[in-house]
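As structure tokens, the structure follows; a few thoughts come after it.
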Amino acid sequence: MPKLDRYLTGDFLQSFLATLIVLLVVSLGGVLVDVLGNIADGGLPARLMLSQLGLQLLVYLPLVLPLALMLGLMLAVVRLYRDSEMAVLNAVGVGPRRLLRPLLWVTVPVVLAVAACSLWLGPWAQRTAAAMIEQANRSLIIAGLEPGRFTSLPGGNGIVYIDGTSEDGASLSGVFLYRDRDGRIDLMTAREGQLQFEGERDRYMQLRQGQQSQGPIDGGLDFRMMRFATNEVALPERAQTRDRDDPALATTAALLADGRPVATAELHARLAPPLLALAFALMTLPLARSSPRQQRYGRLMLGFLAYLVCINLMFIGTRALADGRLPGLLGLWWLTLPMLALAVWMYRRDGRLAQPRRVAA
């Protein structure tokens with residue numbers, strides 16, 4: 001590799017990685033808020049926070065990587081213009097087109113990474129996250145019902161306390177259950193119990209050798225106390241899991257064979273990010289062209305605005321495809337192909353060196 005290509009490739013790569021780290025930190029904060037909200041609503045066990053955080057971050061990578069690539073390359077090219085390095089390169093006959101090779105050394109691996117995340121890693125992460133939540137809802141231990149701790153039931157409908165559990169989390173001992181039912185207090189204690197399932201969402205706690213007390217919350221005297229040998233208590237329904245037919249959980253190969261509009265929309269939503277990433281990368285050179293005294297961040301705002309417009313058009317087009325308002329054959333090609341054509345045209349136009357003026361003898 002020539003020294004110039006090595007220098008520019010290293011500069012582009014460092015700028016891209018620095019931008020990517022900043023965007024990942026910002027994205028991580030947004031994903032963390034969503035995960036904590038699901039935990040607070042009872043739809044996600046607290047023990048799964050870190051794993052869900054990592055999986056959800058993989059889902060957002062196809063949107064983060066193109067922006068990091070565009071802004072990182074623009075920062076590097078703007079620095080070349082600001083420090084007059086581009087002027088020196090132009091003086092020795094090296095025009096913007098000469099930057100294509102080092103630009104592609106950085107762009108091609110990133111575009112391949114975006115394609116891998118969009119077509120494979122993202123759907124795999126969504127399927128894995130849904131499977132982990134499904135498994136967590138079928139195990140008291142994973143769901144957070146640990147011995148010696150008071151645990152809120154999903155939806156905040158009650159509190160459970162247990163002294164001990166079996167290894168599989170199905171058998172319980174020393175059970176205390178508090179529920180608020182129709183304005184009345186419902187207290188249950190039992191020596192032992194067992195968790196049972198019926199269907200995919202219904203859960204029951206079978207208590208044995210215990211007693212139950214019921215009374216009004218407002219301080220009345222209408223109390224009832226009873227003992228029981230066996231009593232089954234219906235636990236609140238689990239949070240609604242994602243539909244197994246959800247196209248977001250399907251593999252890309254399965255989407256190719258699925259003729260539903262929602263599947264077609266999901267397929268094109270996965271194909272668009274790598275193509276847009278390539279278009280954004282080719283736009284960086286003409287968008288970053290500036291004079292040494294020009295403000296550095298004005299061009300960055302223009303690039304960021306272009307990214308926002310394209311991503312919002314992608315979301316709007318995906319929704320229109322899912323609703324059947326756009327034909328499946330059209331897909332999102334109306335967005336990706338013109339963007340690629342515009343990027344190539346801008347690059348070729350920017351790459352022409354001005355012809356020197358002839359001085360009359």
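Every number in this text was worked out from the coordinates using simple rules, so none of it is lab data. Model, not experiment: these values are computed from the prediction. Cβ sites come from the backbone with ideal geometry, for glycine too, and all protein chains shown count toward neighbours.
Mind sorting 64, 26, 160 by how few other Cβ atoms lie within 10 Å of their own Cβ, fewest first?
26, 64, 160
Using modelled amide H (1.01 Å from N, peptide plane; none on Pro or chain starts), what sits under 5 Å from the amide H of residue 326, excluding residues fewer than 5 places away?
Close amide H contacts, sequence-distant or interchain: 321.
Using the Karplus curve 6.51 cos²θ - 1.76 cosθ + 1.60 with θ = phi - 60°, work out ³J(HN,Hα) for each residue of the range 314-320 in order, rounded to whole Hz, and write x for Gly and Pro.
5, 5, 5, x, 5, 5, 5
For residue 174, which sequence-distant residues (separation of 5 or more, or a different chain) have an amide H within less than 5 Å of its own amide H, given hydrogens modelled in the peptide plane?
163, 192
Using each residue's phi in the range 73-87, evaluate 6.51 cos²θ - 1.76 cosθ + 1.60 at θ = phi - 60° and report the 3J(HN,Hα) Karplus result to the nearest Hz, with x for Gly and Pro.
5, 5, 4, 5, 5, 4, 5, 4, 6, 5, 8, 6, 5, 5, 5
Using +1 at the C-beta of Lys and Arg and -1 at the C-beta of Asp and Glu, which of 110, 21, 39 has the Cα lying farthest in the positive direction of the dipole of the range 11-130?
Of the options given, the answer is 110.
Residue-wise, which Karplus ³J(HN,Hα) couplings in Hz belong to the range 44-55, taking 6.51 cos²θ - 1.76 cosθ + 1.60, θ = phi - 60°, and x for glycine or proline?
9, x, 5, 5, 8, 4, 5, 5, 5, 5, x, 5
What dipole magnitude, in Debye to the nearest 20, does the range 1-132 give about its Cα centre under +1 on Lys/Arg Cβ and -1 on Asp/Glu Cβ?
Result for the range 1-132 is approximately 380 debye, rounded to the nearest 20.
All other residues with a Cβ under 15 Å from the Cβ of residue 343 taken together, and with Lys, Arg as +1 and Asp, Glu as -1, what is their net charge?
That works out to +3.
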